[in-house]
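Peer 1: Sending over a structure as structure tokens; questions will come in a sec.
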Amino acid sequence: MPNATLKWIYLIILSIIWGSSFILIKKGLVGLTPLQLGALRIIFSTIVLLLAGWKSIKSIKKEQWKWILITAILGTGLPVFLFAYAETEIDSAVTGILNSSVPLLAFIFGIFLFGARFNKRQFLGVLIGLIGAAALILIGTQIHQNQNYWYASLIIFAASLYALNVNIIKKHLQDVSAMGIATGNFFFLIIPAIIILIKSDFFALPITTDTTLQTSMGYIAVLAIFGTAAAKVMFNKLVQISNAVFASSVTYLMPVISVLWGILDGETFTPLQFIATATIILGVYVGNSSKK
């Protein structure tokens, strides 16, 4: 299948998977602390990736391992905990909306830090999408006035890390297999995650008798297998067959999915939010369509 078609298929699938991750985090936090949730997410993902992609690590050259470590921290290690802490105060739908700042940050970092070429069409698409995202945030603050939006800074920080991560993959890990990057990332993260889980007193919890805790762990297992392990490999491949801005534009489509899940979970969705969501989708199309 041509890359021009494949990249859109990846984008849509990732939007659905990662757009659903925020509601899974919300459900996981019912029985787990943010530290426990983040550590379990990493551990479950590592088990899956090591079983499926251990041999792919051989594609990583000695000089590339430093970039594997950096992308492990930026792309997964810190964000999984930042999102978990943010959702203790902010709705899952709003978290997904705030995460849509990644393409703009990827565009800015790409131009100023990674020597990316300035593209007017991408810039216009990013601005349109950002307007839609900003509108969704403003509407969200009016609907959810009781939420602590200082925690939004955690999402913006995580978005900045994602934006740096996608540029690093594109520039320094282009010739490493997508599975190799993902497996290498979690190879570095597994030991810290185990230490964090032990320090969080997780093993003192009544795991065998507490059904709420078991249900929360089930949600995190689904999140880890699909939203972290499988999606991480797919995203790495998307970066390699497209560009940093296109790949990060998945975060413009994710709010659509996260808002839909929010509605199903009892969160509010207004006609203005629908218009803002449509604006986001328009921004993605404009920024990634070719000139005729």
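The values are calculated or read from the model by the stated rules, or taken from the named source; none is laboratory data. Treat the numbers as computed from the prediction; the structure is a model and nothing was measured. Cβ placement follows ideal geometry from the backbone for every residue including glycine, while neighbour counts extend to all protein chains displayed.
Peer 1: Out of region 86-122, which residues are under 17 Å from SER249 (Cα atoms) and among the polar types (S, T, N, Q)?
Peer 2: Across region 86-122, the qualifying residues are THR95, ASN99, SER100, SER101, ASN119, GLN122.
Peer 1: Could you list all residues from region 235-278 that are outside any helix (DSSP H, G or I) and of a type in the set (S, T, N, Q)?
Peer 2: Across region 235-278, the qualifying residues are SER242, ASN243, SER249, THR268, THR270.
Peer 1: If you don't mind, another one. Of everything in region 184-234, what is farther than 30 Å from TRP8 by Cβ, among the hydroxyl-bearing types (Ser, Thr, Tyr) and either touching a strand residue (DSSP E or B) at 6+ places or on another chain (Cβ under 8 Å) or assigned to a helix (DSSP H, G or I) (or both)? Give them in sequence order.
Peer 2: THR211, THR212, THR215, SER216 - these are the residues of region 184-234 that are farther than 30 Å from TRP8 by Cβ, among the hydroxyl-bearing types (Ser, Thr, Tyr) and either touching a strand residue (DSSP E or B) at 6+ places or on another chain (Cβ under 8 Å) or assigned to a helix (DSSP H, G or I) (or both).
Peer 1: Confirm whether LEU264 is at pLDDT 80 or above and more than 18 Å from SER20 (Cα to Cα).
Peer 2: no
Peer 1: When only residues in region 132-165 that are farther than 20 Å from PHE83 by Cβ and surrounded by fewer than 15 Cβ atoms within 10 Å (Cβ to Cβ) count, which is modelled with the highest pLDDT?
Peer 2: Of everything passing the filter in region 132-165, LEU138 is modelled with the highest pLDDT.
To keep it simple, each residue is scored yes or no on (1) crowded, with 20+ Cβ neighbours inside 10 Å; (2) under 15 Å from the mean Cα position of the chain (by Cα); (3) without any contact (Cβ under 8 Å) to a residue 40 or more places away in the chain.
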residue: ALA244; (1), (2), (3): yes, yes, no
residue: SER248; (1), (2), (3): yes, yes, no
residue: THR251; (1), (2), (3): yes, yes, no
residue: MET254; (1), (2), (3): yes, yes, no
residue: THR268; (1), (2), (3): no, no, no
residue: ILE280; (1), (2), (3): yes, no, no
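Peer 1: Please determine whether any residue of region 168-181 is over 23 Å from the mean Cα position of the chain (by Cα), over 30 Å from THR279 (Cα atoms) and outside any loop (DSSP other than H, G, I, E, B).
Peer 2: No, region 168-181 contains no residue that is over 23 Å from the mean Cα position of the chain (by Cα), over 30 Å from THR279 (Cα atoms) and outside any loop (DSSP other than H, G, I, E, B).
Peer 1: Sticking with this structure for a sec: Filter region 1-11 down to residues that are in a helix (DSSP H, G or I) and among the hydrophobic types (A, V, I, L, M, F, W, C) and give me whichever is nearest to MET254 (Cα to Cα).
Peer 2: My answer is LEU11.
Peer 1: Filter region 227-245 down to the residues that are among the aromatic types (Phe, Trp, Tyr) and over 21 Å from LEU78 (Cβ atoms) and list them by number.
Peer 2: The answer is none; no residue qualifies.
Peer 1: Would you check if LEU138 is in contact (Cβ under 8 Å) with a residue 24 or more places away in the chain and either under 23 Å from TRP18 (Cα atoms) or assigned to a helix (DSSP H, G or I) (or both)?
Peer 2: no
Peer 1: Let me ask something additional. Tell me, please, whether a residue that is hydrophobic (A, V, I, L, M, F, W, C), under 16 Å from the mean Cα position of the chain (by Cα) and within 30 Å of GLN174 (Cβ to Cβ) can be found in region 203-223.
Peer 2: Scanning region 203-223, I find at least one residue that is hydrophobic (A, V, I, L, M, F, W, C), under 16 Å from the mean Cα position of the chain (by Cα) and within 30 Å of GLN174 (Cβ to Cβ), so the answer is yes.
Peer 1: Could you please find all residues in region 166-215 being of a type in the set (Lys, Arg) and either closer than 30 Å to GLY110 by Cα or buried (at least 21 other Cβ atoms within 10 Å of the Cβ) (or both)?
Peer 2: Matches in region 166-215: LYS170, LYS171.
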